[in-house]
Amino acid sequence: MGKKKHKSKSKNDKLIKEYTDKIIRVLKESDGPVSYSKLTKRCGEKNFNFQLFAICMKQLKKKDRVRKVENGFTLTEKVALIKCEVVRLKKKHGFVRDCETNEEFFVPGRYLLGAMPRDIVLVRPYRGRGELVEGEIVEIQKENFSKFTGVIVLENGEYKIEPDKISKCTLEFSNTLGIKYKENDKVIAEITKRGKTYKEHKCELVLNFGSSLKASSCAMSILDINGVTPVFPDEVISEAKIVSDERKIKLEIKNRVDLRDIPIFTIDSADTKDIDDAISVVKTKDGFELGVHIADVSHYVKAKSELDREAFVRGTSVYYANRVVPMLPMELSNGICSLNPQADRLAFSCIMNIDKNGVTQSYRFVKSVIRSRVKGVYTEINKIISGEAEEEIREKYSEVIDTIPVMLELFEILDRNKKARGCPNIETSESKLIINEKDECIGVEKKTRGISEEIIEDFMLAANECAAKFGTENNLPFVYRVHENPPENNIEHLFKELTKLDIPFNSNGDVTAGFLKDILEQTRETPKAVVVNTLVLRSMAKAKYSVEPIGHFGLVLDNYAHFTSPIRRYPDLTIHRIMSDYLENPNLPGIMKKYNKFSYASADRSTTQELVAKTVERGCEDCYKAEYLSGHIGEVFDGVITSVTDFGFFVELPNTCEGLVRIESLPSGEYDYDGSMILRNNLTGQSFKMGDSVSVKVVNTNVSSGKVDFELSE
C-alpha cells in the first residue's frame, strides 16, 4: 500500500510540474489575458486531470506568479506598472495616488518597500480583498520626503523612536545635533539612509517639541511636519510693517468711493481678530441694496512682493484649538486689513441690487473706504433677533439696530431661494475646544450655529457668486471655487446603502443636489438620519479651486468663486488683484498676459494648501480631544456609531469626541462585517450598525496619535 501511494504522489508531482510549465508558457506567449476555460483547453491532453490543474492555478496565484485580471489570467510580470505618488502612511499600510488619473490604491505594509510620503513610485496593481484594487510598490523612482514625527521610547534599555505613522517598528537614531530628550518626548527625525524596509532605515533626531502627553507639543509637531510655520521670515515682517502705516489711508481716500456715512458693521465670533468682511443692508423701492465690504488686501500685498510670495506658499491661514497660523503677518491680518470698529479702512465692496424675490438684478464692484460702526458678535445679534437682548447689547448696536430687521428679511428670502434650488442641508460636527491657561484642553463642545451665522454665510455667498459672474462675463483669467458632480462609483455605493436601509428613492442614475436634499429631508427626524447624513457626505466630490467655471454642485450654482476672505485665503487675494487691475484698466489682452499662468498656479497651490490645512487642523484637534478624554478614563458616555470597519466601530459622543470600539473588546463570538455599515456576531445574532446609540467607557487615550479607545459599558 505504501509503495502505491508513493508512486501516485510522484506521478501527481510530475503532472503538477508539467501543468505549471504549460500554464506559464501559454500565458507568456499570449498577447493578452487568457480565460480559465481557454487555459484548460490549451493545457489539456488525453488524460487531463482537472483537479491537479486547479491545484496548479491555486499555487501559482498564491505565489503571485499568476494574477486574475478583468478578462482572465496573466503573468504577474506582465501586469502594467503605474507611476504613483505616496500620499499617506499608517502603521501597517499606506496609500498611493496614480499620477495620471488621481485614483488611489491601498498598499499593505509588506508591499510598501520602505517608501515615504511624496515619494514617486512604480506600483503593480492587483485584486485585493473582495473587489478592491490594491497595489504593490516594486520600485521607488524618486525619494521626496525624509522627515517623520514620532515619540522617544525606552526599549530594552535603549532609547529609540517609535514613528507615528510610517511603520510599526521602532527605529534607532543618531543625535549629532546634541538635542536633549527623554522618554515620551514628541520629536521629528530625518531619514539619513534608506533601506528596503522601514526597519532598515537610518535616522537622525532633528527637533524635540516636549512631552507627547501634551496636545500643544503634538500640535506643534503636526504643524512642522506639514510645513506650516507660525514664524514669518524677517523680510516679510519688515515689509508688513512698512505697508501697514495707517497714515497712508488718508492719502488714498481721494481715489475711493467714500462709504463712511453708510451704517456698515461686522459680525464675527467674539474672539475673532482677523475681521475681513462687513455688511450694509438698506431697503429700496424694488427690494434691497446689499453691500458686502471686504478688506482690500490686494492694495497692501502687491504681486511678487515678499508678502505675496509668502502668502502664495502658505495658501491659507490654519486654525487649531485657540490659535491661528495666519497667511499674512499680524500687522496686516489683525491690523491694517482688519475692519476694526470706528477705524477708516480700505475695502473692496460688492454692491448688489436684489429684488423682492431675492434675485440679483445688478451688481458692481468698487474700491471704497469704510468705517465699521461696531464689532458685531454672533451671539449678541442672535439675541437681538430673538428679542432677548439686554439693554446694554441694544445700546452697543444703536447705530445699526434698524438694519438688523432688514437684514433678517433679506436673509429669509435668500434662504428660501437656496432651499428651492435644492441645496442639500448636510450636517457636520464642528468642535469648540476649551483651553486653559496651561494650554491644556479641559473641555470639548459641539459648535452651534444661530441665525446670524446663517445670515452672514448667505450674504457672503451672494457676493462670491457676483465675483464669479464678474470673472466669466469679462472673460478674465480667474480662480473659481468648483464642486463637481458626485463620482459615479460613489453614487452606486450610495444607492446600494440606501437600498440596504430600506429607504425608497427614485433615480435614473443621474443624481442632482435636489435628490440628495430630498433623501436627507426624508430621514431627518428618524433614527436613520445620522447614517444617511454620513452616506450623502461621503458620496460628494471634494470642492477645489479651478480656472474653469464648471459650477458648484452643492450650492447649485453655475458660477462661484471665493472673494470674501483675502486675509486668510490666497484664491480670494488672487481674484481681488485680477479684478482690481481690470477695473482700473479693462485691457483684456494685457490682463490675460499678466494673469493667465498665475491663475493656474494659484488654483493648484490653493487647493493643495487647503488640504494641508484641513489635515493639520483635524490632526491637532484629535490630539486636544484625546488630551481632554485622558482625564475621563473609566467614565461612561452615550454616543452614536458613526463608522463600522472589519476591526470594530467608531463612536461619536455628543460633544464630537470620537473613539474606537475594537472588535476584540466586544462580546465573544465570530463577527462578520458586511463591508459598509454592519458588524454582526454570528454566535448571538447581535449586530452593531451605523446610527446605533450605544453607551461606551473611555479605556485608553493616546494624545500623540490623537486616538481614543472605547469599550461598550456593562
Check on V479, closer than 30 Å to K593 by Cα and in contact with a strand residue (DSSP E or B) (Cβ under 9 Å, 6 or more places away or on another chain): yes
Residue within segment 564-572 that is in contact with a Pro (Cβ under 6 Å, 6 or more places away or on another chain), more than 30 Å from D518 (Cα to Cα) and surrounded by fewer than 16 Cβ atoms within 10 Å (Cβ to Cβ) present: no
Pair list, Cβ < 7 Å and 6+ apart or interchain, from segment 61-82 residues that are among the polar types (S, T, N, Q) to residues that are surrounded by 14 or more Cβ atoms within 10 Å (Cβ to Cβ): N71/P33; T74/L27; T74/P33; T74/R67; T76/R65; T76/V66; T76/R67
Close pairs from segment 289-317: first over 15 Å from L346 (Cβ atoms), partner modelled with pLDDT under 95 and assigned to a loop (DSSP other than H, G, I, E, B), Cβ under 6 Å, at least 6 apart: none
Candidates S372, S452, S429, filtered to the one that is touching a residue at least 24 places away in the same chain (Cβ under 8 Å) and surrounded by fewer than 19 Cβ atoms within 10 Å (Cβ to Cβ): S429
Qualifying position, being among the hydrophobic types (A, V, I, L, M, F, W, C), within 30 Å of V297 (Cβ to Cβ) and within 31 Å of the chain's Cα centre (by Cα), among V369, V400, V377, V406: V377
Strands (runs of 3 or more DSSP E) lying entirely in segment 409-491 (those with 1 or more residues that are touching a His at 6+ places or on another chain (Cβ under 9 Å)): 480-482
Count - residues of segment 644-655 that are surrounded by fewer than 16 Cβ atoms within 10 Å (Cβ to Cβ) and closer than 28 Å to G669 by Cβ: 3
Residues within segment 675-714 that are under 29 Å from the mean Cα position of the chain (by Cα), outside any strand (DSSP E or B) and free of Cβ contacts under 8 Å to residues at least 60 places away in the same chain, tallied: 1
Test: residue in segment 112-130 that is assigned to a loop (DSSP other than H, G, I, E, B), surrounded by fewer than 17 Cβ atoms within 10 Å (Cβ to Cβ), at pLDDT 90 or above and not charged (D, E, K, R): no
Of all residues in segment 76-131 being over 22 Å from P487 (Cβ atoms) and among the β-branched types (V, I, T), the one that is farthest from the chain's Cα centre (by Cα): T76
Of all residues in segment 30-68 being under 16 Å from V79 (Cα atoms) and part of a loop (DSSP other than H, G, I, E, B), the one that is modelled with the highest pLDDT: S35
Selection from segment 598-642 of residues that are more than 30 Å from H562 (Cβ to Cβ), surrounded by fewer than 17 Cβ atoms within 10 Å (Cβ to Cβ) and small (G, A, S): G631, G634
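The values are calculated or read from the model by the stated rules, or taken from the named source; none is laboratory data. For clarity, every value in this text was computed on a predicted model and none was experimentally measured. Positions of Cβ are generated from backbone atoms using ideal geometry, with glycine treated the same way; all protein chains shown enter the neighbour counts.
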